[in-house]
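Here the structure is laid out as structure tokens; the discussion comes afterwards.
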Amino acid sequence: MEQYDKPLPLPSAETREFWEGCKRGELLMQQCADCGTYRFFPRPMCHVCNSFSAEWSKVSGRGKVFSWVVVHQASPAFAGDVPYVVASVQLSEQDDLRIFGNVEGCSPKDVELNMPVEVFFDEITEDISLPKWKPA
């Protein structure tokens, strides 16, 4: 594994299950145990029914590009990657379930609204695998 010199996520008590799933190659989302609504970013309370009961559920890892930016100027750690795409991906499980990530496997100019994508996991360190997106 190469040296990774970019910022890394710091899993917390609320996000640890998400990052553990990524390490196993699974995209996990919190799901309300009472009304079934998925939520991301992880948080203690459901934004629909206000329940504090939640479980972690594996989702399909399929979605579509909801919005995106092409980065042409970046901080020094990411300067070698430009241009690159950061997208808001709407997951197929729920219209308001969105997650951000890089889109790879195509030219930035080929990314478009509602483009079907699927997750893959980039093993960055022994402890962190980042969810990223590729054309489906």
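Every number here is computed from the coordinates shown, using simple stated rules; none is lab data. Model, not experiment: these values are computed from the prediction. Quick reminder, even Gly has a Cβ in these numbers, built from the backbone with ideal geometry, and neighbours come from all protein chains shown.
Entry note, region 5-95: relative contact order of 23 percent, from Cα contacts under 8 Å with a spacing of 6+ residues.
For region 54-63, 3J(HN,Hα) computed residue by residue from phi via the Karplus equation (6.51, -1.76, 1.60; θ = phi - 60°) reads 8, 9, 9, 10, 6, 10, 5, x, 10, x Hz, glycine and proline entered as x. The lysines whose alpha-carbon is closer than 26 Å to the alpha-carbon of LYS23, local same-chain residues fewer than 8 away aside, are LYS6, LYS58, LYS64, LYS132, LYS134. Close amide-amide hydrogen proximity is noted between TYR38 and CYS32, each under 5 Å apart and 5 or more residues distant or on a separate chain (H modeled in the peptide plane; Pro and chain starts excluded).
Taking amide H atoms as placed 1.01 Å from N in the peptide plane, the amide H of MET45 has no partner under 5 Å among residues 5 or more positions away or on other chains. Quick one, which of (i) 0.98; (ii) 1.02; (iii) 1.16 is the actual Rg/Rh (Cα atoms, Kirkwood Rh) calculated for this model? Computed from these coordinates, Rg/Rh (Cα atoms, Kirkwood Rh) corresponds to label (i).
Each peptide in 18-24, 36-42 receives the mean, over its residues, of other Cβ atoms within 10 Å, and ordering these scores from highest gives 18-24, 36-42.
Amide H contacts of VAL89 (H built 1.01 Å from N, in plane; Pro and chain starts excluded): PHE66, ILE99, PHE100, GLY101 sit under 5 Å, all sequence-distant by 5 or more or on other chains. In order along region 24-37, phi translates into HN-Hα couplings of 8, x, 10, 8, 10, 10, 5, 9, 4, 6, 9, 10, x, 6 Hz, rounded to whole numbers, per the Karplus curve 6.51 cos²θ - 1.76 cosθ + 1.60 with θ = phi - 60° and x for Gly and Pro. Between SER53 and LYS6, the FRET efficiency from the beta-carbon distance, with R0 = 35 Å, is close to 0.45. Backbone geometry of region 119-136 corresponds, through the Karplus equation with coefficients 6.51, -1.76 and 1.60 at θ = phi - 60°, to 3J(HN,Hα) couplings of 6, 9, 10, 9, 6, 8, 9, 4, 9, 10, 10, 8, x, 10, 10, 9, x, 8 Hz, x marking Gly and Pro.
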